[in-house]
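> Can you keep this structure in mind? I'll have questions shortly.
The values are calculated or read from the model by the stated rules, or taken from the named source; none is laboratory data. Note that the structure is a prediction, hence the values are computed from the model and not measured. Note that we place each Cβ from the backbone using ideal geometry, even for glycine, and neighbour counts take in every protein chain shown.
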Amino acid sequence: MSEAVVMNDNETPGYEVRRKDDPQFVEGRRNFFEYIDLGTQEASDGKMRIQITRAKQGLVKPTGWHTHLCDGQFVYMLEGFLDLAFADGTVHLEAGDSIYIPGGVPHNETATSDTFDLIEISIPAKMDTEPCDPPAGMPA
């Protein structure tokens with residue numbers, strides 16, 4: 001069960017506790033992933049979002065080139081792998097690896113393990129995704 005506590009009676013957010021045995025699944029950007037909300041959107045008053053992204057199946061085709069409308073996105077791999085293409089090449093992330101992607105940087109998720117878990121942090125909490133053209137010389 002989610003536990004939210006407001007520290008005082010004004011509109012200052014309190015703290016949020018989430019339990020592993022009661023995951024709070026939410027809708028996300030991709031239907032082949034599951035997203036577990038860790039409660040930071042409410043507790044931070046929208047300043048940040050932290051969630052676990054879990055692959056339900058391996059990526060069968062690249063997601064397509066896109067950017068995120070946010071200040072930044074941080075990913076920490078818990079298990080499995082994820083390949084991301086950028087203008088200067090591909091980054092392969094495995095368990096224990098992390099990456100910070102500034103908002104607006106074009107990238108493409110090109111491969112994943114059949115299952116994976118990662119922690120994703122975005123600032124601010126609201127992060128939109130926009131398709132974009134591939135960088136010059138990169139395949140669609």
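> Within the range 56-65, identify whether any single residue is under 12 Å from Asp117 (Cβ atoms) and either in contact (Cβ under 8 Å) with a residue 60 or more places away in the chain or not aliphatic (A, V, I, L, M) (or both), and answer yes or no.
Restricting attention to the range 56-65, the residues satisfying the condition of being under 12 Å from Asp117 (Cβ atoms) are 56.
Next cut, either in contact (Cβ under 8 Å) with a residue 60 or more places away in the chain or not aliphatic (A, V, I, L, M) (or both) only: 56.
Yes, because at least one residue in the range 56-65 is under 12 Å from Asp117 (Cβ atoms) and either in contact (Cβ under 8 Å) with a residue 60 or more places away in the chain or not aliphatic (A, V, I, L, M) (or both).
> Can you spot a residue in the range 80-91 that is surrounded by 13 or more Cβ atoms within 10 Å (Cβ to Cβ), under 28 Å from Arg19 (Cβ atoms) and in contact (Cβ under 8 Å) with a residue 40 or more places away in the chain?
no
> A further question on this structure: Restricting to the range 114-124, give me the number of residues that are in a strand (DSSP E or B) and not acidic (Asp, Glu). Break it down stepwise before answering.
Within the range 114-124, the first condition is being in a strand (DSSP E or B), and the residues that meet it are 117-123.
In the following step, the residues that additionally are not acidic (Asp, Glu) were identified as 118-119, 121-123.
The total comes to 5.
> Answer with yes or no whether Ala125 is surrounded by 14 or more Cβ atoms within 10 Å (Cβ to Cβ) and out of contact with any Phe, Trp or Tyr (no Cβ under 6 Å at 6 or more places or on another chain).
Yes; evaluated as a whole, the condition is true for this residue.
> Can you work out which of the residues in the range 91-117 that are in contact with a strand residue (DSSP E or B) (Cβ under 6 Å, 6 or more places away or on another chain) and of a type in the set (A, V, I, L, M) is nearest to Gly58 (Cα to Cα)?
Checked the range 91-117; the qualifying residue nearest to Gly58 (Cα to Cα) is Ala111.
> Just a yes or no: is a residue in the range 102-113 in a loop (DSSP other than H, G, I, E, B), over 13 Å from the mean Cα position of the chain (by Cα) and closer than 19 Å to Asn31 by Cβ? Don't jump to the end; show me each part of the working.
Residues of the range 102-113 that are in a loop (DSSP other than H, G, I, E, B), as a first pass: 103-106, 113.
Applying the additional criterion that residues be over 13 Å from the mean Cα position of the chain (by Cα) yields 104-106, 113.
From what's left, closer than 19 Å to Asn31 by Cβ: 113.
Yes, the conditions are met somewhere in the range 102-113.
> Quick one: how many residues across the range 125-140 are more than 12 Å from the chain's Cα centre (by Cα) and part of a loop (DSSP other than H, G, I, E, B)? I'd like the intermediate steps shown before the answer.
From the range 125-140, those more than 12 Å from the chain's Cα centre (by Cα) are 130-140; that's our starting set.
The next check asks that each one be part of a loop (DSSP other than H, G, I, E, B); those that pass are 132-140.
Here the count works out to 9.
> For a quick check of your reading of the model, give me the residue pairs whose first member lies in the range 19-33 and is more than 16 Å from Val60 (Cα to Cα), whose second is among the small types (Gly, Ala, Ser) and assigned to a loop (DSSP other than H, G, I, E, B), with beta-carbon atoms closer than 9 Å and at least 6 apart or on different chains.
So the pair list comes out as Arg19/Ser2; Asp22/Ser2; Gln24/Ser2; Gln24/Gly39.
> Also, I was wondering about something else. Quick one: count up the residues across the range 89-122 that are in contact with a Phe, Trp or Tyr (Cβ under 6 Å, 6 or more places away or on another chain) and of a type outside the set (A, V, I, L, M).
Final tally of qualifying residues: 7.
> Still on this structure: Regarding Asp133, is this residue of a type outside the set (S, T, N, Q), loosely packed, with under 15 Cβ neighbours inside 10 Å and at pLDDT below 95? Let's see the steps before the verdict.
Details: of a type outside the set (S, T, N, Q): yes; loosely packed, with under 15 Cβ neighbours inside 10 Å: yes; at pLDDT below 95: no.
In short, no.
> Among the residues of the range 92-113, what is the count of those that are without any contact (Cβ under 8 Å) to a residue 40 or more places away in the chain, surrounded by 15 or more Cβ atoms within 10 Å (Cβ to Cβ) and over 20 Å from Glu130 (Cβ atoms)?
Counting residues in the range 92-113 that are without any contact (Cβ under 8 Å) to a residue 40 or more places away in the chain, surrounded by 15 or more Cβ atoms within 10 Å (Cβ to Cβ) and over 20 Å from Glu130 (Cβ atoms) gives 1.
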